[in-house]
């Protein structure tokens, strides 16, 4: 397979959590680069709409289901593990079933997809694995035990995939965003505004953006740009790392 500047010529990409937000932005970016894109999302209508929007192939599956990954394509050159969700509660109140479900989606599913797609990448002598982690793969916050633990685990899986794929031309990297302007984050902002009885703008300034030097939410397209770069020809020697896109949050 050949790559050109800013493009993936003839590549097949699989993106999870692609019905909206970061995943949809990645689908658009990789499609613009020439890739054939398979979009995975648990929301069937969102998945279909997104696939129609980018000219891709929809796969409406719930990655929390143990055998869900077996229904997805494995002849994939670019794998973007992006799916995830959030639940907030202190550890002593955190539902065990929700903890397990979050790890199924954000750790087990990426492992199974890497295991499923890596043989094809090795046979082709080229592949790109991009795991959408989080600043919470490097830092912790109260009430986010499952999310923080899952993202730390994803970071570890990423390093092993990089070591095992290197001799075959396969790279594996994490992108670790701070707070991105997605429905998930906007819902968290509104929930905190309601619980605190203050305006959502104030929640953004005093809670979500308190630890960042750049005082705004990240746009999904900004994350997609980093993902696209990691899949392009200028990043062949970049592997096993995690790129923070967090407005200097982790610089502190």
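Taking the options 202, 215, name whichever one is surrounded by fewer than 18 Cβ atoms within 10 Å (Cβ to Cβ), modelled with pLDDT of 95 or more and either over 22 Å from the mean Cα position of the chain (by Cα) or not assigned by the TED database to the domain that holds residue 86 (or both).
On the way: 202 fails: modelled with pLDDT of 95 or more.
Only one candidate qualifies: 215.
Considering each of 30, 39 in turn, give the residue that is surrounded by 24 or more Cβ atoms within 10 Å (Cβ to Cβ), assigned by the TED database to the domain that holds residue 127 and more than 21 Å from residue 235 (Cβ to Cβ). Please lay out each step first, then the result.
Numbers: 30 fails: more than 21 Å from residue 235 (Cβ to Cβ).
Just one listed residue meets the conditions, 39.
Look through the stretch 205-240, keep the residues that are in a loop (DSSP other than H, G, I, E, B) and touching a strand residue (DSSP E or B) at 6+ places or on another chain (Cβ under 8 Å), and return whichever of them is farthest from residue 186 (Cα to Cα).
Just the residues of the stretch 205-240 that are in a loop (DSSP other than H, G, I, E, B), to begin with: 209-217, 219, 231-232, 236-240.
Add one more test, that the residue is touching a strand residue (DSSP E or B) at 6+ places or on another chain (Cβ under 8 Å), and what stays is 217, 219, 231-232, 236, 238-240.
On the way: 217: 10, 219: 12, 231: 29, 232: 31, 236: 35, 238: 32, 239: 32, 240: 31 Å.
Looking at the filtered set, the residue picked out is 236.
Among the residues in the stretch 13-35, are any within 22 Å of residue 156 (Cβ to Cβ), in contact (Cβ under 8 Å) with a residue 60 or more places away in the chain, out of contact with any strand residue (DSSP E or B) (no Cβ under 8 Å at 6 or more places or on another chain) and not in a strand (DSSP E or B)?
Checked the stretch 13-35: no residue is within 22 Å of residue 156 (Cβ to Cβ), in contact (Cβ under 8 Å) with a residue 60 or more places away in the chain, out of contact with any strand residue (DSSP E or B) (no Cβ under 8 Å at 6 or more places or on another chain) and not in a strand (DSSP E or B).
Given the conditions (1) in contact with a strand residue (DSSP E or B) (Cβ under 8 Å, 6 or more places away or on another chain); (2) free of Cβ contacts under 8 Å to residues at least 24 places away in the same chain, and given that residue 54 satisfies all but one, which numbered condition is not satisfied?
The number of the failed condition is (2).
Quick check: anything in the stretch 126-133 surrounded by fewer than 21 Cβ atoms within 10 Å (Cβ to Cβ) and modelled with pLDDT of 95 or more?
Keep residues of the stretch 126-133 that are surrounded by fewer than 21 Cβ atoms within 10 Å (Cβ to Cβ), which gives 126.
Now drop any that are not modelled with pLDDT of 95 or more, which leaves 126.
Within the stretch 126-133 (the criterion being surrounded by fewer than 21 Cβ atoms within 10 Å (Cβ to Cβ) and modelled with pLDDT of 95 or more), the answer is yes, since at least one residue qualifies.
The values are calculated or read from the model by the stated rules, or taken from the named source; none is laboratory data. As the structure is a computational prediction, the values presented were derived from the model and not from experiment. Cβ sites come from the backbone with ideal geometry, for glycine too, and all protein chains shown count toward neighbours.
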